[in-house]
Structures are given as C-alpha cells and as structure tokens.
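Trainee: Sharing a structure below in structure tokens format, with a few things to ask.
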Amino acid sequence: MDWRINSMEDYNQKYEKALNNPDAYWGDIAKSFDWFKEWNSVRSGSIQDADMRWFDGAQLNITVNCLDRHLKTQPNKEALLYIPNDPSEEATRLTYKELHAEVCKTANMFKSLGVKKGDRVCLYMSMVPELLISVLACARLGAIHSVVFGGFSAQALAGRIEDASCTLVVTNDGGLRGNKTIELKKITDDALAMKECACVKNVIVHKRAGNEVSMKEGRDHWWHDLMKDMDTQCDPEVMEAEDTLFVLYTSGSTGKPKGIQHTTAGYMVWAAYTFANVFQVNKDDLYWCTADIGWITGHTYITYGPLLNGATTVMFEGVPTWPDAGRFWDIVDQYKITHFYTAPTAIRALMGCGNEFVDKYKLDSLKVLGSVGEPINEEAWHWYDEHVGKKKCPIVDTWWQTETGGILISPLAGITKLKPCHATLPLPGVHPVLMNEKGEEIMEREAEGNLCIRNPWPGMVRTIYGDHERFKNTYLSAYPGMYFTGDGCKRDAEGFYRITGRVDDVINVSGHRIGTAEVEDAIDQHPEVIEAAVVGFPHDIKGQGIYAYIIISANAGDNIQKEVLDTVTKFIGPIAKPDKIQVVKGLPKTRSGKIMRRILRKIAAHEFENFGDTSTLLDPSVVDEIKEGVL
Ligand code: WT7
C-alpha cells in the first residue's frame, strides 16, 4: 500500500497529483488490487452526461480482494470480531480463512435457491455475523444486495423490496437490541403479504433470538438447514468494473426513498483508499465502527473498507446504553479497541448519562476516534476528546453521504491539524466547491455556500435504481457539471471545511436521514388528518428532532397525536416518529399554495422574530395562531 499518505507534505503532493493527473494517480492505486482483467481507461464518461465510469473494461470480484487475497498472506488473522448483545455471551471470532469459507458456503446456499448475477437480494437482518457474510456472499455471486435497516416497518420494507424486485429476502427470527427483541421475521411476513412483494420467491431465516416464528411451506427456509450441505468453495463471479455491487435506499427531499446504486471497481478502490488514509489502521490495531450495516457506514466501514485492507473489523450487536451507559467503554477496555468510530448522537446521549460511566474505564488502548453522520457540536467534540480520547487521540470528523460511497472530507488521523467541528480537508481526488444562490462559484477562500463536488471520484453514486432521470435531477442539474450534495458548508481562511447541515427538506435525526415529504405522506395516511407539514428543529441529543404541524378533521378523537405516531411507525418505522405534533387550524401558505416552511422551522425552533418577507402569505393570521400553540 504505497498509496498510504504519511505526512501533510505527502498529502499535498498526492492531492495535487490526483487533481492534475487523475488517470495516473488512480491507475497506480488500482494496480495494488487483484483483477481478472485490467482496465482500458481509468476514467471515462462525465458528470455532464451522467455516465461517470471508472476502470472501464476491467473485470474483478470485490470478494477476491476482501478475502482470497489475504489467504495467501494472513489466513489466520482475525477478520471479524463479533460482540453479542448480552455481555455474558462469548464473542465470535472468524479468521480470514474461516470468513472466506462461510462466505462461500452462503453464496452456494443462495445459488441453490436460484440466485445469480444481477439478481436483487434483500437483507433485512439484525447485527449478526451472517449479515456481513450475506453481503459478501451476494458480491461473490454478483447478486445485488439491498440491505434494509431493521428499524424500518413492514410497509417501508415492502416498498424497498418492490422497487428493486428482490427475489430473495434474508432475515432473522428476531434481532436482539438491549432488552428488546425486534421481530424481524414477523415484519417480513407482514411485508410479504402485501401485493408489492409478489416478486419474492424465497426467504431464508437465520435463527438468532429464538422467538417463535411461522414458516411458510415452499417459501421459507431455515438458514441452518440449508447451510448443512454447502461446500466451502465457490468460484467468484466475473464482474465488469461498472456492474452494480449494491443498492441502498436513502431519503431525499421529495418522493419515495431512492435506491442509491454503487458499482464494483470504483467503490472498491474508494472504500479501501479512504479507510486506509482516514483511519491509519496498522497491522495489530483493532478497529470498531459502531454503525449498523443497514446504513452506508456499515457497508463501507464495517464490511468492505476494513476487509479490503486486511484489518480486523469489530461488529457489535447491541446498543450503547444496555446494560448501562458504559457498554461501549467496557468493550473498548475488554478487547483493547484502538480505533473507534461512532456518531455524534451516541456521544451526546452518553454524555448526558453522566461522566461516571466513562471515567471508570481506562480506555488506554485507544489511538484514533471518529465521528460520522451529522455535524458534531463543540461540546460533544470536547467531551469525546477529553473523556474518551483522554486528549491523546485525534478525532476524525468524517463528512460523506450514502451517495458518495465513502468519506470525501475528513482529517487524516495523526496527519491533518484538527479543528473542532470541522471536517477539515478533502481527500485526494475530491474537489469541493461552494456555490451561491445565483448558481455561481464563490471564489473567496473564506465563504459559506452550497457544497458541490466538481469532479467524479471513484466511489460516486452512478444512478438511482430504475430512475436515471431522477438521479440527474436530484444531483446533477442544480449546478451543471457538478455533483450537488444537499449540504450547506463554510470554508475558513485556512481552507478548512465545516458542514453546517442540509439545505434541502431532509432532516438528520440521530444521524439518520429522514425526508420531510415522506413523513408528511405517512401522517396523511391517517384518515382524520387533512394536511401535515413536517420540519426539523434543534434537539439536544438527536441533533435534529421532527416537528409535525397537522390540520385535523372534526371527527378526530382526543388521541390523535398518539394515533399519528402509530401511523408513522406503521408506514416508515419508529425512527421517523415526530417528537412534537402540534394541531393547527391552518398552515402558512403563499398565494400559489406553497407551504412556507421557513416560518414553520423558525417557530419550531422557538425563534419568533425575523420571519423575513411574509407579504406573499395568503393568511398572515395563521402565523400568530401557530406561534401561540407552539410546543
Ligand atoms: C448526510 C448524509 C455519511 C454516512 C452516514 C450518513 C450529514 C454526514 C457528516 C459530518 C456534518 C454530516 C450530511 C450528509 N453528515 N457526515 N461529518 N458532519 N454532517 O449518511 O444518511 O447518506 O446522510 O449526513 O448532512 O449530507 P447519509
């Protein structure tokens, strides 16, 4: 890995080279991977034409690079350290050799049910090793994995299964999280009973919680039954560089969730490159990312990134606050974690539980801390630095998105100067641009604007599954020739970047992206709700909370708030439940019928002045009424 950056001088040189001669830069890096056939061109296509391609003409299988390659050099190194929910249950360890065998067996199991290259497989599972194994088994066969986070409802699952026409669903009987069991098979059954899921032919159920489930003859199969006869060898499918590796659904400002589509070669190079450079994990280190594999962080920085680098990846089944708020720190001490990567919302929640839970642990194995998913506030940054890192560990504040495949702006651990709350500098190959409202690039160094990326990078989203037009409209049209991130951003005198948050109608709740339109659509499903408007508001722990204003019919009962929560849980899942629901008589609308969300956001934040221009409001009196009733 001679592409590992080792100093600021080295960073500057590599940044320049990647900017001025990207073909040479990325071509050299790509040579350190295993390919069945080399590429014809490093980069081709363009943002203008929405057909960005990397390593065109090459053939490969990403699992060869995650697994087979390491069998030659380190077959007995631990690939996966799995820590179960219950602290008294023993951890599971799988060496590279063992993980390779499990992935092959699982791929053979999928194959035995008819899964082949290009088929879509939905993984609706809890954090068990079999989830990571299933992800890789799909990649082994060239099947496209679509992981759906276990917190989504049957309806949300059904929508995602339908959108990608998945033929196989893999789930658990139940998922263990703290003292709760999530009934994943039951939810899967409910989803599959809907007309959307007619495409599903088979369900594999991995037994974890031991709760009772019903198995449908001919459709449902137990994982352990099928696995018994499977061979530990499975030839990797030959994939073209731009063949789809996976789809992962995420929310946008409008409409239903988008299936973000990533391809094989570019994503592989980006996952490996960013993992190595941002975290600077060395041979004997132990890296732990606390995300769920149901989100992009778990795809790139629990699964692909660490394994491509031959590192040991730690996977944790449970939650940070069970049995108590010291669980993370207990794990760090017990297993001697060196690299710890989590979300600001977890840090804020644990900070609120009291310092006694963290201060009683040594935490002296830690070398690097990471943050991801939302802006980290100053207080949380310093608490993380002092109480967890003991002021000895760099904090890498990593900015990226489902669409970017991997980290784009972040300090490199131990190399980049840190500045609290700043994602700092772009990785080589990333060219951030700040744009003003007029659509012009802001040339001054110190500036604030909408964050765009000028050039395609290897890990960039290629399309939205089944809807290339929507892809172009969402990301590539606002600022022609550039990728628009949806984030606002500041740049300081040193050129350091600070992400300020979404500039569209997307709310970031506990690091989870939630589209206001989706929540509104869910609330509207309640028969007594006439209209709903949803905005984000500042929330001490979640970063942003969800505030819903609803207009209800005369028939609505006293329990309407509770019923609305249930409706949202049913149509999306508990993660999208509003924190506050205010019943209003009217919404501030313009004469053309557009809701002025700017005003609703201000009221929800308890900012009652400077509403800006309200002269276009149809009925200004609704604003006073809403202000008076604010929660
Ligand atoms: C949105 C992407 C990146 C993986 C997890 C979330 C926000 C992400 C940071 C950060 C400030 C951040 C942005 C972005 N975000 N990381 N370090 N500082 N904001 O992925 O669900 O696709 O959400 O999360 O607003 O657009 P995602």
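The values are calculated or read from the model by the stated rules, or taken from the named source; none is laboratory data. Predicted, not measured: the structure shown is a model, and the values here were computed from it. Methodologically, a virtual Cβ is constructed for each residue, glycine included, from the backbone with ideal geometry; neighbour enumeration extends over all protein chains shown.
Trainee: Kindly indicate whether Val103 is part of a helix (DSSP H, G or I), surrounded by 13 or more Cβ atoms within 10 Å (Cβ to Cβ) and touching a Leu at 6+ places or on another chain (Cβ under 6 Å). Give the steps one after another, and end with the answer.
Mentor: Values: part of a helix (DSSP H, G or I): yes; surrounded by 13 or more Cβ atoms within 10 Å (Cβ to Cβ): yes; touching a Leu at 6+ places or on another chain (Cβ under 6 Å): yes.
Judged against the criteria, Val103 is a match.
Trainee: Scan the stretch 578-598 residue by residue and report those that are buried (at least 21 other Cβ atoms within 10 Å of the Cβ) and out of contact with any Asp or Glu (no Cβ under 9 Å at 6 or more places or on another chain).
Mentor: Pro578, Ile581, Met596, listed by residue number.
Trainee: When you scan the stretch 2-87 for helices (runs of 4 or more DSSP H) that lie fully inside it, which ones turn up with 2 or more residues that are of a type in the set (Lys, Arg)?
Mentor: Working: elements: 8-20, 22-30, 69-73.
Those helices (runs of 4 or more DSSP H) span 8-20, 69-73.
Trainee: Next question. Which condition breaks for Ala18 when tested against (1) modelled with pLDDT of 95 or more; (2) in contact with a Ser or Thr (Cβ under 9 Å, 6 or more places away or on another chain)?
Mentor: Only one criterion in (1) modelled with pLDDT of 95 or more; (2) in contact with a Ser or Thr (Cβ under 9 Å, 6 or more places away or on another chain) is unmet by Ala18, namely (2).
Trainee: Is it true that Thr485 is assigned to a strand (DSSP E or B) and buried (at least 23 other Cβ atoms within 10 Å of the Cβ)?
Mentor: yes
Trainee: Can you confirm whether Ala346 is over 23 Å from Arg4 (Cα atoms) and among the small types (Gly, Ala, Ser)? Walk me through it before giving the result.
Mentor: Values: over 23 Å from Arg4 (Cα atoms): yes; among the small types (Gly, Ala, Ser): yes.
The answer is yes for Ala346.
Trainee: Restrict the check to the stretch 234-245 and report whether at least one residue is assigned to a helix (DSSP H, G or I) and away from the ligand (no atom under 16 Å from the Cβ). Steps first, answer last, please.
Mentor: Residues of the stretch 234-245 assigned to a helix (DSSP H, G or I): none.
No, the conditions are met nowhere in the stretch 234-245.
Trainee: Here is a further query. Does the stretch 601-613 contain any residue that is surrounded by 13 or more Cβ atoms within 10 Å (Cβ to Cβ), at pLDDT 90 or above, in a helix (DSSP H, G or I) and in contact with a strand residue (DSSP E or B) (Cβ under 8 Å, 6 or more places away or on another chain)?
Mentor: yes
Quick grid of which residues meet (1) in contact with an Asp or Glu (Cβ under 6 Å, 6 or more places away or on another chain); (2) among the small types (Gly, Ala, Ser):
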residue: Ala272; (1), (2): no, yes
residue: Ala276; (1), (2): no, yes
residue: Lys283; (1), (2): no, no
residue: Cys289; (1), (2): no, no
residue: Thr297; (1), (2): no, no
residue: Tyr301; (1), (2): no, no
residue: Thr312; (1), (2): yes, no
residue: Gly318; (1), (2): no, yes
residue: Trp322; (1), (2): no, no
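Trainee: Looking at Ile442, Ile464 in this structure, which one is of a type in the set (A, V, I, L, M, F, W, C) and farther than 19 Å from Ile499 by Cα? Even if it seems obvious, please write down each step before you answer.
Mentor: On the way: Ile442 fails: farther than 19 Å from Ile499 by Cα.
So the residue among Ile442, Ile464 that is of a type in the set (A, V, I, L, M, F, W, C) and farther than 19 Å from Ile499 by Cα is Ile464.
Trainee: Looking at the stretch 392-405 only, could you name the residues that are within 9 Å of the ligand (Cβ to nearest atom), buried (at least 24 other Cβ atoms within 10 Å of the Cβ) and part of a loop (DSSP other than H, G, I, E, B)?
Mentor: Correct list: Trp400 only.
Trainee: Any idea which of Ile453, Ile530, Ile523, Ile464 is of a type outside the set (Phe, Trp, Tyr) and touching a Gly at 6+ places or on another chain (Cβ under 7 Å)? Break it down into steps so the answer makes sense when it comes.
Mentor: Values: Ile453 fails: touching a Gly at 6+ places or on another chain (Cβ under 7 Å); Ile530 fails: touching a Gly at 6+ places or on another chain (Cβ under 7 Å); Ile523 fails: touching a Gly at 6+ places or on another chain (Cβ under 7 Å).
It is Ile464.
Trainee: Right, next: In the stretch 329-343, is there at least one residue being within 16 Å of the ligand (Cβ to nearest atom), part of a helix (DSSP H, G or I), crowded, with 22+ Cβ neighbours inside 10 Å and of a type in the set (Phe, Trp, Tyr)? Quick ask: steps written out before the conclusion?
Mentor: Initially, the stretch 329-343 is screened for residues within 16 Å of the ligand (Cβ to nearest atom), giving 340-343.
Retained after the next criterion (residues that are part of a helix (DSSP H, G or I)): none.
Within the stretch 329-343 (the criterion being within 16 Å of the ligand (Cβ to nearest atom), part of a helix (DSSP H, G or I), crowded, with 22+ Cβ neighbours inside 10 Å and of a type in the set (Phe, Trp, Tyr)), the answer is no, since none of the residues qualifies.
Trainee: Which of the residues belonging to the stretch 1-59 are buried (at least 17 other Cβ atoms within 10 Å of the Cβ), under 27 Å from the mean Cα position of the chain (by Cα) and basic (Lys, Arg)?
Mentor: Result: Arg43, Arg53.
Trainee: Here's a follow-up. In the set Glu386, Glu379, which member is acidic (Asp, Glu), under 25 Å from Asp324 (Cα atoms) and within 16 Å of the ligand (Cβ to nearest atom)?
Mentor: On the way: Glu386 fails: within 16 Å of the ligand (Cβ to nearest atom).
Answer to the selection: Glu379.
Trainee: Right, here's the next one. Scan the stretch 414-425 and tell me whether some residue there is under 26 Å from Ile331 (Cα atoms), within 12 Å of the ligand (Cβ to nearest atom) and in a strand (DSSP E or B).
Mentor: No, the conditions are met nowhere in the stretch 414-425.
Trainee: Show the residue pairs that are 6+ apart or on different chains and have beta-carbon atoms under 9 Å apart, the first residue being within the stretch 550-570 and under 16 Å from Val519 (Cβ atoms), the second being part of a helix (DSSP H, G or I) and among the polar types (S, T, N, Q).
Mentor: Ile550/Gln561; Lys570/Gln155
Trainee: In the stretch 481-537, what residues are within 11 Å of the ligand (Cβ to nearest atom) and of a type in the set (D, E, K, R)?
Mentor: Selection gives Asp487, Arg498, Arg502, Asp504, Arg513.
Trainee: Which one of these is within 29 Å of Lys258 (Cβ to Cβ) and either modelled with pLDDT under 95 or not acidic (Asp, Glu) (or both): Trp329, Trp295, Trp322?
Mentor: Just a single option satisfies the conditions, and that option is Trp295.
Trainee: Here's something else I'd like to know. Quick check on my filter: what residues within the stretch 462-486 are free of Cβ contacts under 8 Å to residues at least 60 places away in the same chain and either touching an Asp or Glu at 6+ places or on another chain (Cβ under 9 Å) or within 20 Å of Thr263 (Cβ to Cβ) (or both)?
Mentor: Restricting attention to the stretch 462-486, the residues satisfying the condition of being free of Cβ contacts under 8 Å to residues at least 60 places away in the same chain are 469, 473, 477-479, 484.
Passing the criteria: Glu469, Tyr479.
Trainee: Take Gly318 and tell me if it is in contact (Cβ under 8 Å) with a residue 40 or more places away in the chain, in contact with a strand residue (DSSP E or B) (Cβ under 8 Å, 6 or more places away or on another chain) and closer than 17 Å to Ala423 by Cα. First the steps, then the outcome.
Mentor: Values: in contact (Cβ under 8 Å) with a residue 40 or more places away in the chain: yes; in contact with a strand residue (DSSP E or B) (Cβ under 8 Å, 6 or more places away or on another chain): yes; closer than 17 Å to Ala423 by Cα: no.
Criteria not met by Gly318.
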